[in-house]
Amino acid sequence: MRKSAPKAKTRGKPSRAETPSRGRIEPAILPPPPGQGKRGEQGYLAYLLRQAQAATRLSMERSLASLRVTPPQFVVLTMLRAYPGLSGADLARVALLTPQTVGVIIRNLERDGAIVKTPHPVHRRALQWTLTRRGTRLLENCRRHALALERRLAAGLNAKSQVIVRRWLSKIATDLQED
């Protein structure tokens, strides 16, 4: 009986996935890190947008964790500051979240005293949500964290380039909304 060769390791851990081929173990190709190959300038725009969004969300999650706020909660607080009196359904639409998720967020923010509900003046059964003073302070603390991330995102872009990127991203959202 022949002994097979030991598996190759790099720096103490396998660096490549291994797949059997005719009884031999052949190394498989690993994808490059973000920013290289198809995960960089050669990549599809939709994939690159998703990759950037995932990295941004993770960074925001880590930053807001010290305040015990999630990115979806931050978005809800931000939208209520910009558009006070939104209903839960309206919040879900503008925050790009499901109504179920917004329902949970609203319950938690209301429990914590960050938002308050009032009946709509005309449609009494509809509830409107607004920030409380506590919610406004919480949002201000969140904004400090978010602005630090915004500065990182805009690093290397002059004011004109930032406007171009913002217009491009807004146009994508507007154009694809019609599909």
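When you look at Leu58, is it closer than 26 Å to Leu176 by Cα, modelled with pLDDT of 95 or more and surrounded by fewer than 13 Cβ atoms within 10 Å (Cβ to Cβ), yes or no? Against the criterion (closer than 26 Å to Leu176 by Cα, modelled with pLDDT of 95 or more and surrounded by fewer than 13 Cβ atoms within 10 Å (Cβ to Cβ)), Leu58 qualifies.
Against the condition hydrophobic (A, V, I, L, M, F, W, C), outside any helix (DSSP H, G or I) and either out of contact with any Asp or Glu (no Cβ under 9 Å at 6 or more places or on another chain) or over 17 Å from Thr132 (Cβ atoms) (or both), how does Val69 come out, does it pass? Here the answer is yes, as Val69 does meet what is asked.
Here Ala155 meets each of (1) touching a residue at least 60 places away in the same chain (Cβ under 8 Å); (2) exposed (fewer than 15 other Cβ atoms within 10 Å of the Cβ) with one exception, condition (1).
In summary, Thr118 fulfils each of the numbered conditions (1) modelled with pLDDT under 95; (2) among the hydroxyl-bearing types (Ser, Thr, Tyr); (3) part of a helix (DSSP H, G or I) with the single exception of condition (3).
Residues of segment 61-80 that are out of contact with any helix residue (DSSP H, G or I) (no Cβ under 8 Å at 6 or more places or on another chain) and either of a type in the set (A, V, I, L, M, F, W, C) or buried (at least 17 other Cβ atoms within 10 Å of the Cβ) (or both): Ala65 alone.
Of the residues making up segment 37-47, one or more are basic (Lys, Arg), at pLDDT below 95, part of a helix (DSSP H, G or I) and surrounded by fewer than 16 Cβ atoms within 10 Å (Cβ to Cβ). A count restricted to segment 84-105 and to residues that are of a type outside the set (Val, Ile, Thr), surrounded by 15 or more Cβ atoms within 10 Å (Cβ to Cβ) and closer than 17 Å to Thr132 by Cα stands at 4. If you go through segment 128-179 and pick out every residue that is acidic (Asp, Glu) and within 26 Å of Pro84 (Cβ to Cβ), you end up with 2.
Each row is one residue, and each column tells you yes or no for (1) at pLDDT 95 or above; (2) over 22 Å from Ala173 (Cα atoms); (3) exposed (fewer than 13 other Cβ atoms within 10 Å of the Cβ).
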| site | (1), (2), (3) |
| --- | --- |
| Pro32 | no, yes, yes |
| Ala82 | yes, no, yes |
| Arg133 | yes, yes, yes |
| Arg144 | yes, yes, yes |
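The one condition from (1) among the hydroxyl-bearing types (Ser, Thr, Tyr); (2) at pLDDT 95 or above; (3) in a loop (DSSP other than H, G, I, E, B) that Ser15 does not meet is (2).
Taking the criterion of being surrounded by fewer than 10 Cβ atoms within 10 Å (Cβ to Cβ) and of a type in the set (S, T, N, Q), the residues of segment 158-178 that qualify are Asn158, Thr174, Gln177.
The values are calculated or read from the model by the stated rules, or taken from the named source; none is laboratory data. These numbers come from a predicted model, not from an experiment. With ideal geometry, Cβ positions are generated from the backbone for all residues, glycine too; neighbour counts draw on all protein chains shown.
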